[in-house]
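Visitor: Let me give you the structure first, and then I'll get to my questions.
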Amino acid sequence: MKLTLKIWRQKNNKAKGELKTYPIDGIEGDMSFLEMLDVLNEGLINKGEEPVVFDHDCREGICGSCSLQINGEPHGPDRLVTTCQLHMRMFNDGDTIVIEPFRAKAFPVIKDLVVDRSSFDRIQQAGGFISVNTSGNTIDANSIPVNKHDADESFNAATCIGCGACVAACKNASAMLFTSAKVSQFALLPQGRIEATERVLNMVAQMDKEGFGNCTNTGACEIECPKGISLENIARMNREYLSASLEG
Amino acid sequence: MAILSSSIARKVAMALSGLFLVLFLAQHFTINITSVIDPDTFNNLSHFMGHNFVVQFIAQPILIFGVVFHFIMGLVLEIRNRNARQISYNSFKGNKNSTWASRNMIISGAVILAFLGLHFYDFWFPEIVHKYVESNPLDATRYYPELLHKFESPVRTGLYCLAFVLLALHLWHGFSSSFQSMGWNNKYSKGLRGFTQFYAIFIPLGFIFIALYLHFNQ
Ligand code: HEM
Ligand code: SF4
Ligand code: FES
């Protein structure tokens, strides 16, 4: 496959970036999108040019570090996959592919296609945990009965890998899907109820402080999320937030 | 206004004011449709609305506050949302994951706002002048002829119809979105969505029908 890549290049956080065009040849349909970028980088390095910097770690769809806005969609045109699992067979010979970093004020570009997603870490740190004493007297989690439906919903929410595609897809760069998944996974379990009030208030406050936008319920996040996190989580977080605010 | 300092609180306020306007719209439609069914009923209802103390001095100010609040909050959200992505994408395929109506509430809203300007100029200001400035004697039969006269103009009729199309788009997304904003998403939501989308088409289409009917039955 012969392709034309238009890739965002930016030296550092302060520099002004631009799209640069790179023709590439010999791409197989079985390669992943990141392997295609590896081929590109090998060529650039051999020519003595700066390789394109992009984030990746597990390359099996579980760590959430790969990102990339590919032809106007986070993680590209396929559904329920991360960029590392996106296959080149989704593209055709002769295609032009535009590759940009995830864009949000709260995700500043570090270099080329790599953005700083530590705003997500700070939202997690604001309440995405339960306080348990682990110094020798831990209680077995199975001693607390949990209804099957709630356990399943909680596990579904917990599959969020924190990739940021929801923010990237949203016209408002809103982090509601991510934050609501992190709120929901605890809100649905008895262990999480104890700190539920402070959790939702603190996590939403941090989300707002980081400069993410407001939710317009367009649903773009749900469609682009590689883990299929549902909009119901956002409604649940809104409910949690409202009742927490009324409690004071 | 401290309570409106969080993103979720702002969205709930948006939803509540939007739902209030949805209710008002249904009431407005009910009165207007009588103009094509029975002009006498239309005259009587208009006279009642125009001279009832509760309607004029309690419901009307609340309504005006609701509209102003809704569009100012919509503007605040729009500005904040634009600010949350300062460098835009070279390629952004919104159509792949969301509807045009949901992404362009500010555009449909702005058209409705412009329409409201025209609508106030057409009906509200003349009414206020007629009743409170000129202190004309009561006349319960003047409303239908005045209405008919307004819809003589093809330009005005066209502008009204255009605004109703944008209103339909605004409600297509907005009416069901407001329930999600208030945290209501459960097994009834699919049915509710069907109802909200029926409303979003039926009411604006009804207003278009009234405008065209009056225009062609001069
Ligand atoms: C006066 C001009 C108007 C403007 C400028 C306006 C603007 C907006 C905007 C920008 C939103 C989206 C907010 C967001 O979620 O990001 C919105 C939502 C909404 N609007 Fe309007 N609007 C106007 C009039 C109306 C009218 C007349 C109605 C009803 C008859 C209405 C009903 C709604 C509803 C139900 C929502 C959904 C609220 C939600 O998503 O929670 N709007 N409006
Ligand atoms: S909700 Fe989905 S898109 Fe958003 S961070 Fe989690 S896994 Fe990624
Ligand atoms: S590299 Fe880990 S999810 Fe893609």
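The values are calculated or read from the model by the stated rules, or taken from the named source; none is laboratory data. Since the structure is predicted, the reported quantities are computational estimates derived from the model, not experimental observations. Note: ideal-geometry Cβ built from the backbone for every residue, glycine included; neighbour counts use all protein chains shown. Ligands, DNA and RNA are excluded from the accessible area calculation, which covers all protein heavy atoms including side chains. Shrake-Rupley method; radii C 1.70, N 1.55, O 1.52, S 1.80 Å.
Visitor: Given the structure, is A:Ala151 away from ligand 3 (no atom under 15 Å from the Cβ), over 22 Å from A:Val52 (Cα atoms), touching a residue at least 40 places away in the same chain (Cβ under 8 Å) and away from chain B (no Cβ under 12 Å)? Can you show your working first?
Guide: On the way: away from ligand 3 (no atom under 15 Å from the Cβ): yes; over 22 Å from A:Val52 (Cα atoms): yes; touching a residue at least 40 places away in the same chain (Cβ under 8 Å): no; away from chain B (no Cβ under 12 Å): yes.
Judged against the criteria, A:Ala151 is not a match.
Visitor: A:Leu37 passes all but one of (1) within 16 Å of ligand 3 (Cβ to nearest atom); (2) touching a helix residue (DSSP H, G or I) at 6+ places or on another chain (Cβ under 6 Å); which number fails?
Guide: Result: A:Leu37 fails condition (2) only.
Visitor: Tell me, which helices (runs of 4 or more DSSP H) wholly within segment B:125-200 include 1 or more residues that are of a type in the set (Ser, Thr, Tyr)? Outline the logic, then answer.
Guide: On the way: elements: B:125-128, B:143-150, B:154-181.
Ranges flagged: B:143-150, B:154-181.
Visitor: Residues A:Leu201, A:Leu246: which one is part of a helix (DSSP H, G or I), buried (at least 18 other Cβ atoms within 10 Å of the Cβ) and more than 7 Å from chain B (Cβ to nearest Cβ)? Even if it seems obvious, please write down each step before you answer.
Guide: Working: A:Leu246 fails: buried (at least 18 other Cβ atoms within 10 Å of the Cβ).
That would be A:Leu201, the only listed residue that is part of a helix (DSSP H, G or I), buried (at least 18 other Cβ atoms within 10 Å of the Cβ) and more than 7 Å from chain B (Cβ to nearest Cβ).
Visitor: Filter segment B:83-95 down to residues that are exposed (fewer than 15 other Cβ atoms within 10 Å of the Cβ) and part of a helix (DSSP H, G or I) and give me whichever is nearest to the other protein chains (Cβ to nearest Cβ).
Guide: B:Asn83
Visitor: Among the residues of segment B:90-130, what is the count of those that are touching a Gly at 6+ places or on another chain (Cβ under 7 Å) and within 29 Å of B:Thr41 (Cα to Cα)?
Guide: 1
Visitor: Further, regarding this structure: Please note which strands (runs of 3 or more DSSP E) are completely contained in segment A:1-119 and include at least 3 residues that are touching a Leu at 6+ places or on another chain (Cβ under 9 Å).
Guide: Qualifying strands (runs of 3 or more DSSP E): A:3-9, A:18-24, A:96-100.
Visitor: While we're looking at this one, here's another question. Evaluate segment A:208-224: report whether one residue or more is open to solvent by less than 30 Å² (accessible area, probe 1.4 Å), over 23 Å from B:Met14 (Cβ atoms) and within 18 Å of the chain's Cα centre (by Cα).
Guide: Within segment A:208-224, one or more residues are open to solvent by less than 30 Å² (accessible area, probe 1.4 Å), over 23 Å from B:Met14 (Cβ atoms) and within 18 Å of the chain's Cα centre (by Cα).
Visitor: Go through segment A:213-236 and report how many residues are more than 8 Å from every other protein chain (Cβ to nearest Cβ) and more than 13 Å from ligand 2 (Cβ to nearest atom).
Guide: Selection size over segment A:213-236: 0.
Visitor: Okay, moving on. If only one of B:Ile72, B:Ile79, B:Ile62 is open to solvent by 70 Å² or more (accessible area, probe 1.4 Å), under 23 Å from A:Ala106 (Cα atoms) and modelled with pLDDT of 95 or more, which one is it?
Guide: Details: B:Ile72 fails: under 23 Å from A:Ala106 (Cα atoms); B:Ile62 fails: under 23 Å from A:Ala106 (Cα atoms).
Step by step, each of B:Ile72, B:Ile79, B:Ile62 is checked, and only B:Ile79 is open to solvent by 70 Å² or more (accessible area, probe 1.4 Å), under 23 Å from A:Ala106 (Cα atoms) and modelled with pLDDT of 95 or more.
Visitor: If you don't mind, another one. Which of the residues that make up segment B:1-23 are hydrophobic (A, V, I, L, M, F, W, C) and open to solvent by 60 Å² or more (accessible area, probe 1.4 Å)? Before you say what the answer is, go through the steps one by one.
Guide: Step one: filter segment B:1-23 for residues hydrophobic (A, V, I, L, M, F, W, C), giving B:1-4, B:8-9, B:12-16, B:19-23.
B:Met1, B:Ala2, B:Ile3, B:Leu16, B:Phe20, B:Leu23 - these are the residues of segment B:1-23 that are hydrophobic (A, V, I, L, M, F, W, C) and open to solvent by 60 Å² or more (accessible area, probe 1.4 Å).
Visitor: May I ask you to verify whether B:Tyr160 is closer than 27 Å to B:Phe71 by Cβ, under 22 Å from the mean Cα position of the chain (by Cα) and loosely packed, with under 15 Cβ neighbours inside 10 Å? Show your work before the answer.
Guide: Details: closer than 27 Å to B:Phe71 by Cβ: yes; under 22 Å from the mean Cα position of the chain (by Cα): yes; loosely packed, with under 15 Cβ neighbours inside 10 Å: no.
In short, no.
Visitor: On to the next question. Across segment A:154-188, what is the total count of residues that are in a helix (DSSP H, G or I) and either within 13 Å of chain B (Cβ to nearest Cβ) or within 16 Å of ligand 1 (Cβ to nearest atom) (or both)? Show your work before the answer.
Guide: In the first step, residues of segment A:154-188 are kept if they are in a helix (DSSP H, G or I); the result is A:154-158, A:165-169, A:176-187.
Imposing the further condition that a residue be either within 13 Å of chain B (Cβ to nearest Cβ) or within 16 Å of ligand 1 (Cβ to nearest atom) (or both) reduces the set to A:165-169, A:176-177, A:179-180, A:183-184, A:187.
Going through segment A:154-188 one residue at a time, the tally reaches 12.
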